[in-house]
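Q: The structure under discussion is supplied below as structure tokens; questions concerning it will follow.
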Amino acid sequence: MTRQAKDEEREQRIHMEIIVDAYGPEEQAAGWYNYLSDTLQFPFSARCVALRAISPLELGDKVEVVGMAPDEECEHDMFVLIRWKRRQLAVPLMQLEGIQVDEETQQAIEDWHYWVNRGYEF
């Protein structure tokens, strides 16, 4: 995977709004979790854009995202809940792109994708 080019505006938002005052991996994960919980407008439609061994989604699958996964599931990666076969299933947010979502939701998803694609981790 090639590393995404640095985006100074996004870097500023991430460091000054999302992980500000985070002094370690746990606090960074909590910052991201709170940012995504507060910013993503649930429910929203999304499309699978990446395969992951831990997820049943295939490229192009469309799903309804209904919320954030419990915070204990998001200590190393950000997971969202989707409707899946009459239940809810947590999948990595990195797998998804929003479909006709509002501007804030789009930006939050893109912020997370940027963080991961830059090689940052908790």
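Q: Tell me which residues, restricted to region 79-93, are more than 15 Å from Ser45 (Cβ to Cβ) and surrounded by 11 or more Cβ atoms within 10 Å (Cβ to Cβ). Spell out the reasoning first.
A: Narrowing region 79-93 to residues more than 15 Å from Ser45 (Cβ to Cβ): 79, 85-90, 92.
Residues satisfying the conditions are Phe79, Gln88, Leu89, Ala90, Pro92.
Q: Out of all the residues in region 31-46, which are farther than 20 Å from Glu72 by Cα, open to solvent by 70 Å² or more (accessible area, probe 1.4 Å) and of a type outside the set (S, T, N, Q)?
A: Kept after step one, since they are farther than 20 Å from Glu72 by Cα, are these residues of region 31-46: 41, 43-46.
Going one step further and asking which of them are open to solvent by 70 Å² or more (accessible area, probe 1.4 Å), we end up with 41, 43.
Scanning region 31-46 gives a single hit, Pro43.
Q: Taking Gln28, is it open to solvent by 70 Å² or more (accessible area, probe 1.4 Å) and closer than 17 Å to Tyr120 by Cβ? I'd like the intermediate steps shown before the answer.
A: On the way: open to solvent by 70 Å² or more (accessible area, probe 1.4 Å): no; closer than 17 Å to Tyr120 by Cβ: yes.
Taking the combined requirement at face value, the residue does not satisfy it.
Q: Give me the strands (runs of 3 or more DSSP E) completely within region 27-122, filtered to those with at least 3 residues that are over 25 Å from Glu8 (Cβ atoms) and in contact (Cβ under 8 Å) with a residue 12 or more places away in the chain, ordered by residue number.
A: Answer list for region 27-122: 44-48, 62-68, 79-84, 87-92.
Q: Let me ask another. Being farther than 18 Å from Arg86 by Cβ and aliphatic (A, V, I, L, M) is the filter here; which residues of region 45-68 pass it? Outline the logic, then answer.
A: Of all residues in region 45-68, those farther than 18 Å from Arg86 by Cβ come to 45-54, 58-60, 68.
Passing the criteria: Ala46, Val49, Ala50, Leu51, Ala53, Ile54, Leu59, Met68.
Q: I would also like to ask the following. Within region 6-23, how many residues turn out to be open to solvent by 100 Å² or more (accessible area, probe 1.4 Å) and among the acidic types (Asp, Glu)? Outline the logic, then answer.
A: Within region 6-23, the subset open to solvent by 100 Å² or more (accessible area, probe 1.4 Å) is 6, 8-9, 12, 16-17, 21, 23.
Add one more test, that the residue is among the acidic types (Asp, Glu), and what stays is 8-9, 17, 21.
Summing the residues that are open to solvent by 100 Å² or more (accessible area, probe 1.4 Å) and among the acidic types (Asp, Glu) in region 6-23 gives 4.
Q: Oh, and also: Mind checking which residues of region 95-104 are out of contact with any Cys (no Cβ under 7 Å at 6 or more places or on another chain) and either closer than 13 Å to Gln41 by Cα or surrounded by 19 or more Cβ atoms within 10 Å (Cβ to Cβ) (or both)? Can you show your working first?
A: Of all residues in region 95-104, those out of contact with any Cys (no Cβ under 7 Å at 6 or more places or on another chain) come to 97-104.
Passing the criteria: Gly98, Ile99, Gln100, Val101, Asp102, Glu103, Glu104.
Q: If you take the residues of region 57-78 that are over 19 Å from Ala29 (Cβ atoms) and out of contact with any Lys or Arg (no Cβ under 9 Å at 6 or more places or on another chain), which of them is least open to solvent (accessible area, probe 1.4 Å)?
A: Applying the filter and picking the extreme gives Leu57.
The values are calculated or read from the model by the stated rules, or taken from the named source; none is laboratory data. This is a predicted model, so every value here is computed, not measured. Positions of Cβ are backbone-derived with ideal geometry, glycine not excepted, and every protein chain shown enters the neighbour counts. Only protein heavy atoms, including side chains, enter the accessible area calculation; ligands, DNA and RNA are left aside. Shrake-Rupley method; radii C 1.70, N 1.55, O 1.52, S 1.80 Å.
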